[in-house]
1. Being in a strand (DSSP E or B) and at pLDDT 95 or above: is that true of R122 here?
2. Would you confirm whether or not the stretch 64-76 contains a residue that is modelled with pLDDT of 95 or more, open to solvent by 20 Å² or more (accessible area, probe 1.4 Å), within 11 Å of the ligand (Cβ to nearest atom) and under 30 Å from P124 (Cβ atoms)?
3. I need a count of the residues in the stretch 146-160 that are at pLDDT below 95 and in contact with a helix residue (DSSP H, G or I) (Cβ under 8 Å, 6 or more places away or on another chain).
4. In the stretch 85-94, is there at least one residue being under 28 Å from A128 (Cα atoms), within 13 Å of the ligand (Cβ to nearest atom) and not in a helix (DSSP H, G or I)?
5. Among residues belonging to the stretch 117-135 that are touching a helix residue (DSSP H, G or I) at 6+ places or on another chain (Cβ under 7 Å) and more than 16 Å from the ligand (Cβ to nearest atom), point out the one that is nearest to D82 (Cα to Cα).
6. Can you tell me which residues in the stretch 39-65 are within 15 Å of the chain's Cα centre (by Cα) and either without any contact (Cβ under 8 Å) to a residue 12 or more places away in the chain or part of a helix (DSSP H, G or I) (or both)?
7. Can you find a residue in the stretch 104-111 that is of a type in the set (V, I, T) and open to solvent by 20 Å² or more (accessible area, probe 1.4 Å)?
8. Since Q25 meets every condition but one in (1) surrounded by 18 or more Cβ atoms within 10 Å (Cβ to Cβ); (2) assigned to a loop (DSSP other than H, G, I, E, B), which condition does it not meet?
Amino acid sequence: MQARSVAEVGTGTGVSGLWLLRGMQDDGVLTSVDLEAEHQRLARETFSEAGYAPQRFRLIAGSGLDVMARLTDAGYDLVFLDGDKAEYGEYLEQAVRLVRPGGLIVFDNALWHDRVADPSQRDPETAAIRDVVQRVATDDRLRSVLVPLGDGLLVAQLLP
Ligand SMILES: C[S@@+](CC[C@H](N)C(=O)[O-])C[C@H]1O[C@@H](n2cnc3c(N)ncnc32)[C@H](O)[C@@H]1O
């Protein structure tokens, strides 16, 4: 999608960030948020060792919801969510605001170790992911696909 501006919640040690950077335009910037400064220190190392200049990534330490609330409306080609699973519902609300028309909202762990498809599983993380999968499927502003690879990737496009 020739992305120039990508936001991520859940930097971790930078595995997903590296793949996102690889798929972006050469001048694209990844903005990535994580509660844990130590995770971001490792991610910074990962990106630098892979040859990405510091201006290609902006790492922000903080709560995903707090930081998302400060990001620019329609300012992102893609928003990737991989932070606190129990907050997926709130991430969806923010991501719809942050992504440009035609842009993508992507949730990792949409199958959540096969718990999402098992109605007897009612813990907060599973319930939140299940709710997001259902909301995305019925939201007229979005078209979506649940990719059954790994732990599941829910991809939704904000309709232009
Ligand atoms: C599964 S890991 C992310 C892995 C990363 N996306 C990757 O592929 O390398 C989840 C990350 O979310 C972070 N996290 C958890 N709750 C968060 C929150 N409320 N706000 C921001 N980050 C959070 C954790 O510190 C952890 O680094």
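1. Here the answer is no, as R122 does not meet what is asked.
2. Among the residues of the stretch 64-76, at least one is modelled with pLDDT of 95 or more, open to solvent by 20 Å² or more (accessible area, probe 1.4 Å), within 11 Å of the ligand (Cβ to nearest atom) and under 30 Å from P124 (Cβ atoms), which makes the answer yes.
3. 0
4. Looking for residues that are under 28 Å from A128 (Cα atoms), within 13 Å of the ligand (Cβ to nearest atom) and not in a helix (DSSP H, G or I), one finds none in the stretch 85-94, hence no.
5. D131
6. Within the stretch 39-65, G64, L65 qualify.
7. As a first pass, look at the stretch 104-111 and keep what is of a type in the set (V, I, T): 105-106.
Those still in the list that are open to solvent by 20 Å² or more (accessible area, probe 1.4 Å) too: none.
Scanning the stretch 104-111, I find no residue that is of a type in the set (V, I, T) and open to solvent by 20 Å² or more (accessible area, probe 1.4 Å), so the answer is no.
8. (1)
The values are calculated or read from the model by the stated rules, or taken from the named source; none is laboratory data. Note that the coordinates shown come from a computational prediction; the quantities given were computed from them, not determined experimentally. Please note: Cβ atoms are built from the backbone with ideal geometry, for glycine as well, and neighbour counts cover all protein chains shown. In case anyone asks, the SASA skips ligands and DNA or RNA and just uses the protein heavy atoms, side chains included. Shrake-Rupley method; radii C 1.70, N 1.55, O 1.52, S 1.80 Å.
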